[in-house]
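Below you'll find the structure, written out as structure tokens, and then a few comments.
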Amino acid sequence: MSDTRRRILDSARALFNEHGLSRVGVRDVARATGMSPGNLAYHFPTKGALVTALLTELYELNQSAVFTEPMQTFSLASLYAAATGAMRNMVGYRFVLLNYVDAVRASPELAGLEAELAKKRRERHDRMLAALVENGFVERAALARSDVLYEQSSMISSGWLTAAALRGWDDERAVLHFAKAGCALLAPHCTERGARQMRRILRGELDGPAPKTKNERKGK
């Protein structure tokens, strides 16, 4: 990716996160990037193209850095690590959860991408559930409830940032709380082996330290 495209996307993401999708236009992004709307349009012709690029970026970030555990060794601990990792990534793209519905309705391009990503999310959910069954953490009967479990986890995934904001929680507290809530959906279906790991998750034994901020990594 060129430096110019990177600068545009970083500016757009910061503005969308701070002000919301509906309050930021292409001209605002151009102004923040220090370029004319015409020059910006050369890289991203529409606001929908900007949002589409950011959504694709988030999906690829999760694929390369979060959902990396082989299914042969996938466990409830792996699920919890993936959930916390994906949620921490989402914090940097919070506009996706806070203003996304209006954007999808307004952009056919974005609506098409969302349909594609929704299909991939469902396929990933089914693969992880099947792996948890095959690896002895979840009872096989849970496969019959895959649809319900997916809808329940989707409700948590789409609403956790709003719920955290209403409660006045900081991001890391919200990540750990709602990642546990998502994993706990499987608690009634755990095998004895899975139940032991689930208890460790819910007690916070697998939380680990919060990731460092950019300034902390630089020693500031």
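The values are calculated or read from the model by the stated rules, or taken from the named source; none is laboratory data. Note that the structure is predicted; figures quoted are calculated from it, not measured. We place every Cβ from the backbone using ideal geometry, glycine too, and count neighbours over all the protein chains shown.
Does residue 160 satisfy being in the same structural domain as residue 85 (by TED's automatic domain parsing), aromatic (Phe, Trp, Tyr) and without any contact (Cβ under 8 Å) to a residue 12 or more places away in the chain? In short, no. Every condition in (1) touching a residue at least 24 places away in the same chain (Cβ under 8 Å); (2) in the same structural domain as residue 103 (by TED's automatic domain parsing); (3) over 14 Å from residue 94 (Cα atoms) is met by residue 33 except one, and the failing one is (2). Of all the listed residues (133, 104, 138), the sole one being more than 22 Å from residue 193 (Cα to Cα), of a type in the set (A, V, I, L, M, F, W, C) and surrounded by 14 or more Cβ atoms within 10 Å (Cβ to Cβ) is 104.
Regarding residue 5, is this residue in contact with a His (Cβ under 8 Å, 6 or more places away or on another chain) and at pLDDT 90 or above? When the stated conditions are applied, residue 5 passes them. Within the range 8-30, residues that are closer than 10 Å to residue 94 by Cα reach partners that are polar (S, T, N, Q) with beta carbons closer than 8 Å, at six or more positions or on different chains, in the pairs 16/99; 20/99. Here residue 19 meets the list (1) modelled with pLDDT of 95 or more; (2) exposed (fewer than 15 other Cβ atoms within 10 Å of the Cβ); (3) outside the structural domain of residue 107 (by TED's automatic domain parsing) almost entirely, failing just condition (1).
Could you tell me which of the residues 143, 176, 166 is in a helix (DSSP H, G or I) and under 16 Å from the mean Cα position of the chain (by Cα)?
Numbers: 143 fails: under 16 Å from the mean Cα position of the chain (by Cα); 166 fails: under 16 Å from the mean Cα position of the chain (by Cα).
Unique residue meeting the criteria: 176.
Going through the range 22-43 one residue at a time, which ones are of a type in the set (D, E, K, R) and surrounded by fewer than 17 Cβ atoms within 10 Å (Cβ to Cβ)? Walk me through how you get there before you give the answer.
Filtering the range 22-43 down to residues of a type in the set (D, E, K, R) leaves 23, 27-28, 31.
Selection gives 23, 27, 31.
For the structure I just gave you, tell me whether residue 107 is modelled with pLDDT under 95 and within 30 Å of residue 19 (Cα to Cα). Yes; evaluated as a whole, the condition is true for this residue.
Among the residues of the range 44-53, those identified as of a type in the set (A, V, I, L, M, F, W, C) and buried (at least 18 other Cβ atoms within 10 Å of the Cβ) are 44, 50, 51, 53.
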